1. In region 23-79, how many residues are part of a loop (DSSP other than H, G, I, E, B), within 9 Å of the ligand (Cβ to nearest atom), within 13 Å of Pro121 (Cα to Cα) and not hydroxyl-bearing (Ser, Thr, Tyr)?
2. Being at pLDDT 95 or above and part of a helix (DSSP H, G or I) is the requirement here; does Val322 meet it?
3. Can you tell me how many residues within region 170-206 are in a helix (DSSP H, G or I), closer than 23 Å to Asp66 by Cα and small (Gly, Ala, Ser)?
4. Note down all Cβ pairs under 8 Å where the first residue falls in region 33-62 and is within 22 Å of Asp325 (Cβ to Cβ) and of a type in the set (Val, Ile, Thr), the second is more than 9 Å from the ligand (Cβ to nearest atom) and not in a helix (DSSP H, G or I), and they're at least six residues apart or on different chains.
5. Can you find a residue that is more than 29 Å from Ser4 (Cβ to Cβ) and touching a Gly at 6+ places or on another chain (Cβ under 6 Å) anywhere in region 49-64?
6. Answer with yes or no whether Leu128 is surrounded by 14 or more Cβ atoms within 10 Å (Cβ to Cβ), part of a helix (DSSP H, G or I), of a type outside the set (Lys, Arg) and in contact with a Lys or Arg (Cβ under 9 Å, 6 or more places away or on another chain).
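The values are calculated or read from the model by the stated rules, or taken from the named source; none is laboratory data. The shown structure was predicted, so the numbers you read here are calculated from the model rather than taken from an experiment. Heads up, the Cβs are rebuilt from the backbone with ideal geometry, glycines too, and the neighbour counts pull from every protein chain shown.
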Amino acid sequence: MGDSSLLRELRGERADTPTVWFMRQAGRSLPEYRTLREGTTMLDSCVRPDMAAEITVQPVRRHQVDAGIFFSDIVVPARIAGLGVEIKPGVGPVFDHPIRTEADVDALPPLDDVYDAALAPIREAVGLTVAELGTTPLIGFAGAPFTVASYMVEGGPSRDHLRTRALMRSQPEVWARLAAWVAELSGRFLRAQVLAGASAVQLFDSWVGALSEDMYVSSVQPHSAAALAHVADLPVPRIHFGVGAAHLLAPMLGAGATAMGVDHRLRLDQALDLLPADIPVQGNIDPAVLFTSEEVRFAEARAVLAAGSAASGHVVNLGHGVPPDADPQVLTDLVSFLHEQGTARA
Ligand code: CP3
């Protein structure tokens, strides 16, 4: 497994051919996923080990990507810890009781051995997945404290995260306790996946781009660092990713990541200028090219490879997740195209 192209790139040893996987590669873009999921809610499918394993493997089988990403969701740990949360189709995670006051934080369930024991279906699913994937590595993941806590505070998806940002400013101690709780929640979830066989982890801080650098450094970075610290003693690379977070790339690395995911708004060569030379990058094909001609798509793929060739390591990915209406054949063809390219060093 240590010889896999994913782990080589993430250690900063270039592999012979480009390495690629896609955020949200499992899920609604695949007909075999839609068939399997029929009659089971999203969150129920995540805690059924056989289903979670099968859904994780589906895109690897179909597209020949170089890694699996564990099928779960950033709110699965909250559900396992006992919070009322569901994923409303077409909407996203919705919590029964938004967390907005000190009393709400006091009432959060403790994250003790009971929670660890309740992660058993996750360990079992990861074990099944790793056995099924064979030599293809599995990436474990969790949601970062800001992104998960913002769903908890808002009660559901939000465009500007205003309530969350207001809470951070008006009741910093309440925010800090909530973020620390989520760091423990996500950190233990990450650790469980690695101990069960995941070869790398990704911490998603999808909505952190809503924050200024000052707010990030003072109120979020310590909590993301606490989440990542749960796996820092384990021999796995730690990828960290945010959307619209070019201004946070360096401080997010400072939270304890070993590689940085970059969205499609920032060119990889510009990202490399913001990071130490030995930090591998991941990204960042614009998902919009999945809906263009092959000519446009392959030109974008070549440009991303060229920009990534200057990095110490580069894992090709999209700049954000696979949209549900993407044509799966387009993804399969993109993977073959990428695998046919050499990794030209700059
Ligand atoms: O293939 C993979 O990437 C693994 C599975 C995965 C899911 N969610 C499955 C899922 C991963 C890594 C996530 C992470 C996640 N979940 C993030 C961070 C990544 C990102 O996209 O920025 C966030 C912000 C969430 C929260 C969330 N969950 C949203 C916004 C949604 C979409 C709601 C909708 O219906 O449009 C979900 C639901 C979700 N998570 C689905 C899947 C496959 C779709 C639900 C379904 O299939 O019924």
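1. 2
2. Details: at pLDDT 95 or above: yes; part of a helix (DSSP H, G or I): no.
Judged against the criteria, Val322 is not a match.
3. Of the residues in region 170-206, 1 are in a helix (DSSP H, G or I), closer than 23 Å to Asp66 by Cα and small (Gly, Ala, Ser).
4. Thr40/Arg48; Thr41/Glu86; Thr56/Leu138; Val60/Ala67; Val60/Thr136
5. First, pick out the residues of region 49-64 that are more than 29 Å from Ser4 (Cβ to Cβ): none.
No, because not a single residue in region 49-64 is more than 29 Å from Ser4 (Cβ to Cβ) and touching a Gly at 6+ places or on another chain (Cβ under 6 Å).
6. In short, no.
A quick yes/no check of all residues on (1) within 13 Å of Leu190 (Cα to Cα); (2) crowded, with 23+ Cβ neighbours inside 10 Å; (3) of a type outside the set (Val, Ile, Thr):
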| site | (1), (2), (3) |
| --- | --- |
| Asp205 | no, yes, yes |
| Gly209 | no, no, yes |
| Ser212 | no, no, yes |
| Ser219 | no, no, yes |
| Ala227 | yes, yes, yes |
| Leu234 | yes, no, yes |
| Ile239 | yes, yes, no |
| Gly254 | no, no, yes |
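Okay, residues lined up against (1) away from the ligand (no atom under 15 Å from the Cβ); (2) over 30 Å from Leu195 (Cα atoms); (3) out of contact with any Phe, Trp or Tyr (no Cβ under 7 Å at 6 or more places or on another chain):
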site: Leu248; (1), (2), (3): no, no, no
site: Val262; (1), (2), (3): no, no, yes
site: Arg265; (1), (2), (3): no, yes, yes
site: Ser312; (1), (2), (3): yes, no, yes
site: Val322; (1), (2), (3): no, no, no
site: Leu334; (1), (2), (3): yes, yes, yes
site: Phe337; (1), (2), (3): yes, yes, no
